[in-house]
Amino acid sequence: MSTSATNSSVPTNNLSSNPLISSAKTSTSTSSSSTSSTTSSSLSQLNYNFNEFLTLFTTQLKNQDPTNPMDTSQMTNQLALFSQVEEQAGTNSRLDKLVAASAGNSLTSSVGYIGHTVEASGNQVALSSGTATIAYSMPSTGTSVAIEVLDSSGNVVTTLTGDGTSGSHQVTWNGTDNTGGTVADGTYTLSATAADTKGNAITPTTYTSGTVTGVETSGSDTMLDLGSGIKVKTSAVLALTS
C-alpha cells in the first residue's frame, strides 16, 4: 500500500521555519513600542500574514504524510502566537486613543489659566515697554548675588545685583544694557549666581512669570503661553494670581 501522498514542495513538520511565522514573532517583539501611526499598518500586515498562514496551514494538512502527521503542539503554539499578536496590536490602538483623550481633557481643564498671572520655574523674562520684573529665590543667605540677563545669542546684556538673604526676591530691570543704552523689548534669558558668607557658590532659583494668553499641547505636555514667545508647562506652575 502506497503512503507517499506528501507534496515535496510544502514543508510538513516544521512550522517554526515558516517565514510567515517568523514575521509574526518579529511583530510580537516590536508591537509594544508601536505608535498610533504604525498600529494600523501593523494590524494590516498581521491580517495579511494570518490569512497567508491559514492558507499554508490548510495546504499542509491536505498534503501531510498519514504515517508522519504534523505535530499538533506546533500548530497550537503558532495559532496562540497569532492570537497574542493580534490582542497586543489592539491594546496599543486603544491606549493611543486613551492618551489622545487625556491630552484633550488636560487642554480643556487648563483654559481656566487664561487671563491669570502665573509664576513658574524657568529662566526666561519678557521685557515689555522697557521694563521687566525678575523673580528669584535664595536657598540660604548669601552675598554677591549676580543676575545676568542674556540675549538670544547668549551675550550678556546687563548684570543686576540682587538681595542675598534667604527666601524669595524680585529685581526690576529698566531695559538698559551694561553701557546704559536701551535694548528692544522681547524675551531674555536669566543666569543667577551667588556665594554664601564663606565664599562657597550657591545657586539661586529663577522664575518666569506673566499673564496667560493661551493654552496649547506639545507632545504629552500642556503649555501655557505667557506672550513674547514664553511658554511654560502647567506642571511647572508654582503660583497663580488673578
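We did not get these values from a lab; they are worked out from the coordinates using the rules stated. Since this is a predicted model, take the numbers as computed values, not measurements. All Cβ positions, glycine included, derive from the backbone under ideal geometry; neighbour counts span all protein chains shown.
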For the stretch 157-203, shape from the Cα gyration tensor axes a ≥ b ≥ c, cut at a/c of 1.5 then a/b versus b/c, turns out prolate
One finds, for E148 and A239 with R0 = 22 angstrom and r their Cβ-Cβ distance, a FRET efficiency to the nearest 0.05 of 0.35
Scalar couplings 3J(HN,Hα) for the stretch 134-142 by Karplus 6.51 cos²θ - 1.76 cosθ + 1.60 (θ = phi - 60°), nearest whole Hz, x for Gly and Pro, are 9, 9, 7, 9, 9, x, 7, 5, x
Within the stretch 203-217, the residues whose backbone N lies under 19 Å from a label point placed 7 Å from the Cα of D163 along the Cα-to-Cβ direction are 203-209
If amide H atoms are modeled at 1.01 Å from N in the peptide plane, then the residues at a separation of 5 or more from G210, or on another chain, having amide H under 5 Å from its own are V118
Relative contact order as a percentage, the stretch 114-241, C-alpha pairs under 8 Å and 6+ apart, gives 36
